[in-house]
Amino acid sequence: MLESQTLNYIKAKKIKFREFSFDTRSLKKRDIFFAIDGSSDNGNNFILEAQKKGASLIVVSSKTLIPELLKIPFIRVDNVRKELSLAAHLFYKSNIKTKIAVTGTNGKTSITFFLKYLLTKLNKKTISIGTLGFSNSRRNVNLTSPDPISLFKELKLASSQNHKILVMETSSHGLDQERFFGLKFDLSILTNISHDHLDYHRTMKHYIKSKAKLFTEYTNHNGKTLINADSNHLKAFKSEIKANKKLKPIYFNLNNNFKVDSIHRSENGTDIITAIIGGEKIIFQFRSWPFFQIQNFLLASVGLYLIGYNIKKIAKLSLNCPYVPGRMEMVGSTKSLAKIYVDFAHTPDALKSSLKEARKICMGRLIVLFGCGGDRDKKKRPKMGQIANKYADLAYVTDDNPRTESPKKIREEIINNSKYLIDFGSRENAIKRAIFSLQSYDLLLIAGKGHEDYQIIKNKKYKFSDKEIVKKYLRKYE
């Protein structure tokens, strides 16, 4: 049974407290302050500020030097991040019966969305947590994986509302930083692994190892695991999860019991997919979806089958499933039948997949508009430029979320001396120009931000939605 040193100390010393905190900016009187050594700030530098603001207890690392001016109680723990997660898990008790986690470079949000859709249609009260936010509240979350306090508070709220199933994205950052410690998942799904987040992980080995923690440390001993075999770095990932000898993963598209059997694209725009699931042929239908999104739906379906749901009932729900917000989402078209899609693709692999799928449904020119985020992995910038150059007929390189970096420099690193990429700094003006340049049957793919409704420039967040900008200029275009 898991025990929290913090909660045990509080009980033994009869310390009264209000809340947990790891940020002195939001810390209130009688809060317990966890001094986390973060990627940008070290919590140890704010210990005295926490005391000044009235903290009732400080939780520090075993190696922390305690300031002489500290007069309030403190305890030492081996891992402050893990201790915060465990304390929050035990303090904000919830009664969620079934827990499902999805990890991977691309597709986490889509599979989580599909799982929530399917379970809701099957009359199961389900909470989803991820990039699209908390499904049962209005709280705004900008991270794929929320901090432990927000996460476990939300699970307590969901439990009080009688939610019995949790579906959540688990990012490599969240796994590496122990944000979910205390949770054990009944179903764990890997979508794929490709180049991303090396600004944080530094090496692909560490990135893969972080993803693998979902399967080696966070999956129940009798839990089910599903892995997409159509993934780069599969051999390295399989090597990492061998550490958990109790796992018996199902590899989708690797054996004859779980795979796509046939694809038929009819003239009326309906795709008919035959998949073999558990050795049985199951028919799914979709309305002109890109194949990677069909595969994401199939992964969600197989996952639910593995934990006991009727696959034939699930398959019947495929035809009317809505688009995932910002994931290859068609947001408009012109009178000359040019189509405009918005997609979250912000990695080389995702951009390549989206462009290849867009090419299949494009009857004219394929135009892409994208950028790269600042203060993030710089190695992927020229790779994304090369992909746009190869797979699109015309490419606009514009600003994404430049953050504290020079937007012009980011664009230059993407373009990398290519003569065929158009440098257009203002994202709104780039979208306007791209729309006004559309000809009959062209397809414009606006990539990188998807569902996001903001743009981060310097340290300020501005309201900005690709979808709203598209609608604005489509009206003027017509």
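Couple of notes before you dig in:
- Checked against (1) touching a residue at least 40 places away in the same chain (Cβ under 8 Å); (2) under 24 Å from L151 (Cα atoms), D31 passes all but a single condition, namely (1).
- Flag if I15 is under 20 Å from H89 (Cα atoms), among the β-branched types (V, I, T), in a loop (DSSP other than H, G, I, E, B) and out of contact with any Asp or Glu (no Cβ under 8 Å at 6 or more places or on another chain): yes
- The single condition among (1) farther than 21 Å from G326 by Cβ; (2) not in a strand (DSSP E or B) that I100 does not meet is (2).
- Residue list for the stretch 348-379, restricted to those being part of a helix (DSSP H, G or I), under 25 Å from I457 (Cα atoms) and in contact with a helix residue (DSSP H, G or I) (Cβ under 6 Å, 6 or more places away or on another chain): P348, L351
- Filter result for L337 (hydrophobic (A, V, I, L, M, F, W, C) and surrounded by fewer than 17 Cβ atoms within 10 Å (Cβ to Cβ)): yes
- Residue that is in contact with a Ser or Thr (Cβ under 9 Å, 6 or more places away or on another chain) and either hydroxyl-bearing (S, T, Y) or surrounded by fewer than 18 Cβ atoms within 10 Å (Cβ to Cβ) (or both), where the choices are I361, I367: I361
- Scanning the stretch 318-334 for residues that are touching a strand residue (DSSP E or B) at 6+ places or on another chain (Cβ under 7 Å) and either farther than 19 Å from I272 by Cα or surrounded by 16 or more Cβ atoms within 10 Å (Cβ to Cβ) (or both) yields S318, Y323, G326, R327, M328, E329, M330, V331, G332, S333.
- Within the stretch 16-45, considering residues that are touching a strand residue (DSSP E or B) at 6+ places or on another chain (Cβ under 6 Å) and either over 30 Å from D375 (Cα atoms) or not small (G, A, S) (or both), the one surrounded by the fewest Cβ atoms within 10 Å (Cβ to Cβ): F17
- A388 vs. criteria small (G, A, S), closer than 17 Å to R365 by Cβ, outside the structural domain of T109 (by TED's automatic domain parsing) and free of Cβ contacts under 8 Å to residues at least 40 places away in the same chain: yes
- Looking only at the stretch 213-228, and only at residues there that are surrounded by fewer than 17 Cβ atoms within 10 Å (Cβ to Cβ) and touching a Phe, Trp or Tyr at 6+ places or on another chain (Cβ under 9 Å), the one that is nearest to L175 (Cα to Cα): E217
- D453, sole failed condition from (1) within 23 Å of the chain's Cα centre (by Cα); (2) surrounded by 23 or more Cβ atoms within 10 Å (Cβ to Cβ): (2)
- Scoring K380 on the criteria (1) surrounded by fewer than 17 Cβ atoms within 10 Å (Cβ to Cβ); (2) modelled with pLDDT under 95; (3) basic (K, R) leaves a single failure, condition (1).
- Residue, modelled with the highest pLDDT, within the stretch 1-12, restricted to residues that are part of a loop (DSSP other than H, G, I, E, B) and surrounded by fewer than 16 Cβ atoms within 10 Å (Cβ to Cβ): E3
- Being among the basic types (K, R), in contact (Cβ under 8 Å) with a residue 60 or more places away in the chain and farther than 24 Å from I165 by Cα is a property that R81 has.
- Of K360, K339, K356, K380, all but one fail to be free of Cβ contacts under 8 Å to residues at least 60 places away in the same chain, of a type outside the set (A, V, I, L, M) and in the same structural domain as Y391 (by TED's automatic domain parsing); the exception is K356.
- Candidates K121, K93, K153, K125, filtered to the one that is crowded, with 17+ Cβ neighbours inside 10 Å and not acidic (D, E): K153
- Only one entry of T98, T131, T191 meets the criterion of being within 23 Å of F22 (Cα to Cα) and touching a residue at least 40 places away in the same chain (Cβ under 8 Å), and that entry is T131.
- R359 vs. criteria among the basic types (K, R) and closer than 22 Å to N401 by Cα: no
- Residues satisfying the stated conditions in the stretch 292-311, i.e. in contact with a Lys or Arg (Cβ under 8 Å, 6 or more places away or on another chain) and polar (S, T, N, Q): Q293
- Test for L118: is it part of a helix (DSSP H, G or I), over 28 Å from I208 (Cα atoms) and touching a Cys at 6+ places or on another chain (Cβ under 9 Å): yes
- Candidate set from the stretch 161-188 (those that are outside any loop (DSSP other than H, G, I, E, B) and over 19 Å from G133 (Cα atoms)); member that is farthest from the chain's Cα centre (by Cα): D186
The values are calculated or read from the model by the stated rules, or taken from the named source; none is laboratory data. Keep in mind that what you see is a predicted model, and the values were worked out from it rather than measured. Glycine gets a Cβ as well: all are built from the backbone with ideal geometry, and neighbour counts include every protein chain shown.
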